[in-house]
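The values are calculated or read from the model by the stated rules, or taken from the named source; none is laboratory data. Because the structure is a prediction, the values reported are computed rather than measured. Quick reminder, even Gly has a Cβ in these numbers, built from the backbone with ideal geometry, and neighbours come from all protein chains shown. What goes into the accessible areas is simple: the full protein's heavy atoms, side chains included, and nothing from ligands, DNA or RNA. Shrake-Rupley method; radii C 1.70, N 1.55, O 1.52, S 1.80 Å.
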Amino acid sequence: MLNVLILGVGQCGNRILDAVNKEAMGGGGASKIAKYCLKPKFPSRVETVAINTAINDLKELRYTTAKDRLHVPNLHGMGANRNVGKQAFMDNRDSIMGEIEKRGDFDIAFVLTSTSGGTGSSFSPLLINELKRQYPNITVVTVAILPFREEGSIYLQNAAFSMRELMELDADGIILADNQYMKRFSGDIASAYDKINSTIAKRLLFLIESLDSEMLSVTDLGDFKTVMNGGLRIGTMGYYQADGKNNSVKDAIENSLKPNNLLYPANVADDAARAMVIIQGSREHLDVDQITKEVEKITASAGHVFKGIVVKKGHPRVLSVFTLAAAPELESIYAQAARGMQDEKEKRSRARKQLDDAFAHIEDLEEIY
Ligand code: GDP
């Protein structure tokens, strides 16, 4: 059995973790006392911890038990300042790691975080470093959320710098989810968040469940690691669930890779480096020849594709995880972040000059009373 740790860091990470716990409980509503007696049903041994400096963000969670909420004290908040965040992590490192250690040993950790706020974006790279240091055999995969592009220059700047830190870590890859790209789910932000969070949560649970299942064709943690190590070590996930109208497993695999079903804009045909395709469904829907042909098609563009087949009652469901050899959308985020920072720098020096010019008027004068 896999030992899985899921850490949600900062508000966004906390909320996605809450969505994971909600899905693991069957997706239903939670009562007021739920946080004291919840017992999510995970397929593996899964421990979850929501970590935050903002106590109100932790209070807002509905499906994460009180004992799995870790408040890291920080007197004045982060103000989206990653330097303050890094200091807060270092000041509290031992207690944070102690909370994790209490939960035993793990094969894999998923760290869920936004890249653009103050807490998650500054804590996560340091936290992942500590996990790798303290658990030499652990696989650590980050699920990193990119901001809406119109959220402002500080968020974009944070995303640029925290992504660079995450990419430079000696960890096991990053799964990207892009708020901007998934904005299409909904008109207003609050319901877009809910939809985005549950979309990510469902895919993560499917992945965990599959890695721990008896498969007809085997994919396991080792294969997942190999996929995440491909290309830039940055990837994303696609998912498709067939309905009664069309049970074709071939169509389900194709659909799982269509732009509409991805968490981040990627051109799988041109840019995938390695992939893993996991198919679940009733035995009568799982035509192994069709599956093999479809996987061979993907292999023609992606270097290597692992396939996993899990016999489970229902219409075909397909999860595709892949890493990328190119990520043009990331480059455009860096360009936009740099423009924003440059604009701010110029505005500041213009304002400073204006102020200096104003002071110059009274340079040789004394106060007269
Ligand atoms: P932190 O608590 O200081 O780490 O800051 P946040 O996690 O709130 O980071 C801000 C970024 O996270 C912004 O880009 C938000 O759009 C995004 N964000 C905040 N809450 C959610 C959420 O529930 N779901 C998603 N997908 N993004 C969120």
Within the set of pairs 6 or more residues apart or between chains, which connect a residue that is under 14 Å from K59 (Cα atoms) inside segment 1-26 to a residue that is within 15 Å of the ligand (Cβ to nearest atom) and open to solvent by 50 Å² or more (accessible area, probe 1.4 Å) with Cβ atoms less than 7 Å apart?
R15/Y193; D18/R62
Which condition number in (1) under 31 Å from the mean Cα position of the chain (by Cα); (2) in a helix (DSSP H, G or I) is the one that R348 fails?
(1)
Would you mind telling me which numbered condition in (1) of a type in the set (D, E); (2) at pLDDT below 95; (3) under 19 Å from A19 (Cα atoms) E150 fails?
(3)
Please enumerate the residues belonging to segment 311-326 that are among the aliphatic types (A, V, I, L, M) and buried (at least 22 other Cβ atoms within 10 Å of the Cβ).
V318, L319, V321, L324
Scanning for something open to solvent by less than 20 Å² (accessible area, probe 1.4 Å) and under 17 Å from A335 (Cα atoms), does segment 166-177 turn up at least one residue?
no
Quick one: is T323 more than 18 Å from R203 (Cα to Cα) and either of a type outside the set (D, E, K, R) or in contact (Cβ under 8 Å) with a residue 60 or more places away in the chain (or both)?
no
Report yes if Q157 is open to solvent by 60 Å² or more (accessible area, probe 1.4 Å), in contact with a Gly (Cβ under 9 Å, 6 or more places away or on another chain) and within 14 Å of the ligand (Cβ to nearest atom), otherwise no.
yes
Residues Y181, Y155: which one is modelled with pLDDT under 95, touching a Pro at 6+ places or on another chain (Cβ under 6 Å) and not acidic (D, E)?
Y181
Which one of these does Q180 not meet: (1) surrounded by 19 or more Cβ atoms within 10 Å (Cβ to Cβ); (2) within 12 Å of the ligand (Cβ to nearest atom)?
(1)
Kindly check whether there is at least one residue in segment 134-149 that is surrounded by fewer than 23 Cβ atoms within 10 Å (Cβ to Cβ), touching a residue at least 24 places away in the same chain (Cβ under 8 Å), within 10 Å of the ligand (Cβ to nearest atom) and in a helix (DSSP H, G or I).
yes
Suppose we keep only residues that are near the ligand (Cβ under 10 Å from one of its atoms) and part of a loop (DSSP other than H, G, I, E, B) within segment 42-59. Which one would you say is most open to solvent (accessible area, probe 1.4 Å)?
A54
Scan segment 108-133 for residues that are within 11 Å of the ligand (Cβ to nearest atom), within 23 Å of G230 (Cβ to Cβ) and in a helix (DSSP H, G or I) and jot them down.
S124
